[in-house]
1. Sorted by mean Cβ packing within 10 Å, highest first, what order do the peptides 103-112, 6-15 take?
2. Mind pulling up the Rg/Rh value for the chain? Radius of gyration and Kirkwood radius, both on Cα.
3. Rounded to the nearest 5, what % of DSSP beta bridges with both residues in the chain are antiparallel?
4. Taking a ≥ b ≥ c as the square roots of the Cα gyration tensor eigenvalues, with a/c under 1.5 meaning rounded and otherwise prolate when a/b beats b/c, else oblate, which class fits the stretch 204-497?
5. Hey, could you get me the Stokes-Einstein D for the stretch 88-151, Kirkwood radius over alpha-carbon pairs, 10 °C and 1.306 mPa s, rounded to whole µm² s⁻¹?
6. How would the stretch 7-178 be classified by its alpha-carbon gyration tensor: rounded, prolate or oblate, with rounded meaning a/c under 1.5 and the a/b versus b/c comparison settling the rest?
7. Please work out whether the stretch 1-81 counts as rounded, prolate or oblate from its C-alpha gyration tensor, where a ≥ b ≥ c are the square roots of the eigenvalues and a/c under 1.5 means rounded, while otherwise a/b larger than b/c means prolate and anything else oblate?
8. Counting helices only, and only those DSSP H runs with n ≥ 4, report the 222 nm mean residue ellipticity of the chain as the sum of -39,500 (n - 2.57) divided by its residues, in deg cm²/dmol to the nearest 500.
Amino acid sequence: MMPGLPARLRPLAWTLAAFASAMLLHVDRLPPWITGIAAGAIAARVLIAVRGAPLPGAWLRAAIAIVLTLGVLATFRTLNGLTAGTALLVAMGALKLLETRARRDDYVMLAVALFLLLAACLERQGLLRVPLYALQLWINCAALAVIAAPQALAGLRAPLALAGRALVYALPLALLFFVTFPRLQGGFWALPNAGGAVTGLSDEMSPGQIDALTDSDTPAFRVAFDGAPPPPQERYWRGPVLQDFDGTTWRHVRGRYFLEPEVQFEGPTYRYHVTLEPNGRNWWFALESVVASPDRRVMLTEDRRLVTAEPVDEVVSYTATSRARTVTRAPLSKLGRRYSLALPEGQNPRTLELAAALRAANPDARAFAQAALAYFARGGFEYTLTPPKLSGNAVDEFLFSTRRGFCGHYASAFATLMRAGGVPARVVTGYLGGEWNPIGRYFLVKQSDAHAWVEIWLEGRGWTRIDPTGVVAPERLQRGLYDLMPDAASVARRLARENPWLGELAQAWDALNTAWRRRVIEFGAASQFALLERLGFESPRWQQLGALLGIGLVAWLAWMSWQSRTALRAARPDALGRAWLALGAKYARVGLARGAAEAPLAYAARIGHARPELAAQAGEFAQRYAALRFGPGSDRGDVRDFVRDVRRLRIAPAPAPAAAPA
C-alpha cells in the first residue's frame, strides 16, 4: 500500500490488510494458536510475494486444512456456533492466503474478511466497537477498489478516498433500509453468546455466596419506569426461590412443585421496562408481585418467578407490570407446608432450641417472627462484607458465635428459625435497589446489588416478605450497598465516588450505550410501527412500510443521479480545453488524429512532418494553446480569440497523389 509499491502487488497488500484487520476484531476471543497461524500465514505470503517463491502445493494445503479443522474441533468440541465457526473461518482464510494467485482469489479473501466483520457484529454490538466496524468496512471497500483497478489506484489516499465517498453515498440507503425494511418479530442480532463468561445469582445459596458478587460492577439489568418508581425499600427484584435446605446450603430443587393458593393483588401498580444482560441462567427478573408473564415464552411459576426454557445468553428486553404486594386468603397446601418446614435432622441444635423458646413465648406466627427479628436487633449482630468462614453447624455458629455476616447469613438463619418454630419459610434471592441514572432516566442494577431475603407463610395473608438484614442494617434498604459501606468499595468505585465528574462521565457513557441498544440494536417491528404512528398513520401496516421504502428508494436514486450529473459537469473541460479538442477533431477528419497522451508541440510537429503545408498553421495553434494552458497567465480575450480561430479553421484534405506516367 506504499506509494512505490508495484501495481502487481497492490491487490495482495490490500487483501492482506483487510484480512488482518478483520481477524483483529476477534483476537481476544480466538484461541492463541489460531491467531498465531493466521499471523504466520500473512507473513509467509508477504515473503513469497517479495521473493517470488512458489506457493505451497495442493497436497500440502489439503493436509494443513485437515489438521486445522481437527484442531478447531478439538478446541471447541464442535464446528457449529458463532465462536467455533469464526475460529474455523480465520483458519481457512489464513490457508487460502497461501493459494492467492488471481483476482478471483483476492475477492474470496475479501468475502472472508466481510464474513468476519459480520460475525463480530453478531457477537458484540457495543457502541465502543462501532468505529472499529466502520474502519474495517472502509478498508474492505478500499481493497475492493484496488483489486478492481490496481493501475489507477496507487498509494493510500486514492483508494481510501474512493471508498469513503462510496460509503457516504450508501449511508442514506442503509439508513432507509434499516428504518423501513419489514422485520420479523424478535431480535435481529439473535445469536446466542455461548462463549462469554457470565456472573450472577445461581439456584443455590450458602452464607457467603452472595457477598462474592459485591466486588462485581457488572450490570445485571436496567429498568425504566413509566411513572413514579417504588420507594427504595420496595425495589426487590425477584429471582430464584430456594426451598430445600441441607443445614448449610439453600437450593432450588427442580420437581418439588406444589400448587399455590390463588393470590390477590394490592397496592400501587408499577409498569416498567427491563433490559436484562446475559446471565447464562433460565430466569428473568421483575419486581415482586409481578402480575403476569411479560412474554409468551416465559412461564410465571407458582412461586412468582419468571422462568425461560433457554438460558439468557443475549441481551433481552421486556415490559412487566407489578403490584406492591399480594394477599392469599386460602391455606397453604399440605405438600407446600411440608416442603416449607423441612429441616435436616441432627444439625444446628442450638438454633432449634432458640426457635422453640421463642415460639413458646409467641404462639402467633407474626409475633414469633417479630421476636426473631428482635433477637437479631439486640443480639450484637454486625453487617459486614467480610464475615468469618463458617463450618459444621453453620447457622448455630453464626447465631451464637461469629454474629457477623452479610444478607445471605441473615436470610439463612432467619428462615431456619422460622421453620424450626413451625412457620413455613423459604429464601428468595435477587437484587435490591439500583443506581439512578438521571441522564438515561433508568435504574442500573449491578451484580453488587445481589440480595437475599425471606418469605414466611402467614395464615390469611399468604407469603409475606421479611428482610432480616433490614433489622441489622436498615440503611441497606434505603441506600446502595456502598453508600452504606464506602470503605468496602474497590479503588475504581471509590475514585468515582470521590470525584463526581468521573461518576457523571460513567453514567453518561452508560446512558449513551443504553440508548444505542434501545434505538438501534433492538429496533424491530414494534419500533417500525411506532415510527409510522409518529408519522401520522393511525393503523400502521406492512404495506405502508413498503410504500415508504419505495418512496425513499426513488428519492435516493434521484439524489444519486443528481450527484452523478454534477460530477460529470464538474469534469467537463473548460472553453480552452473544448477548443483544443475541437481542433484535434478537425485534424482527425483529414487523417491526423492526436494520440491520447500526445503533447501539443509534439502533435504539431507530427502534423508538419506528414503534411508540410500545414506545419506553420499547426505549429501556431499548438504554441498558442501551450502558452494559454501552461503559461504564466492567460487573458480571457486571448482564449476567446483562440476559440474563434479554431471555429473558423478549415483544413483541406490531403491532395490526391499524381498519376504515374504511362
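Just so you know, all these numbers are worked out from the coordinates, no wet-lab data involved. The structure displayed is predicted, hence computed values, not measured ones. Cβ sites come from the backbone with ideal geometry, for glycine too, and all protein chains shown count toward neighbours.
1. The most tightly packed comes first, giving 6-15, 103-112.
2. On the way: Rg = 38.5 Å, Rh = 31.9 Å.
Ratio of gyration radius to Kirkwood radius: 1.20.
3. 95 percent
4. Working: a/c = 1.68, a/b = 1.20, b/c = 1.39.
Oblate shape, in that a/c is at least 1.5 and b/c is the bigger or equal ratio.
5. On the way: Rh = 12.7 Å.
After rounding, the answer is 125 µm²/s.
6. Details: a/c = 2.30, a/b = 1.15, b/c = 2.01.
Oblate, because a/c is 1.5 or more while a/b does not exceed b/c.
7. Details: a/c = 3.08, a/b = 1.57, b/c = 1.97.
Verdict is oblate for the stretch 1-81.
8. Numbers: 23 runs with 318 residues, N = 662.
That comes out to -15500 deg cm²/dmol.
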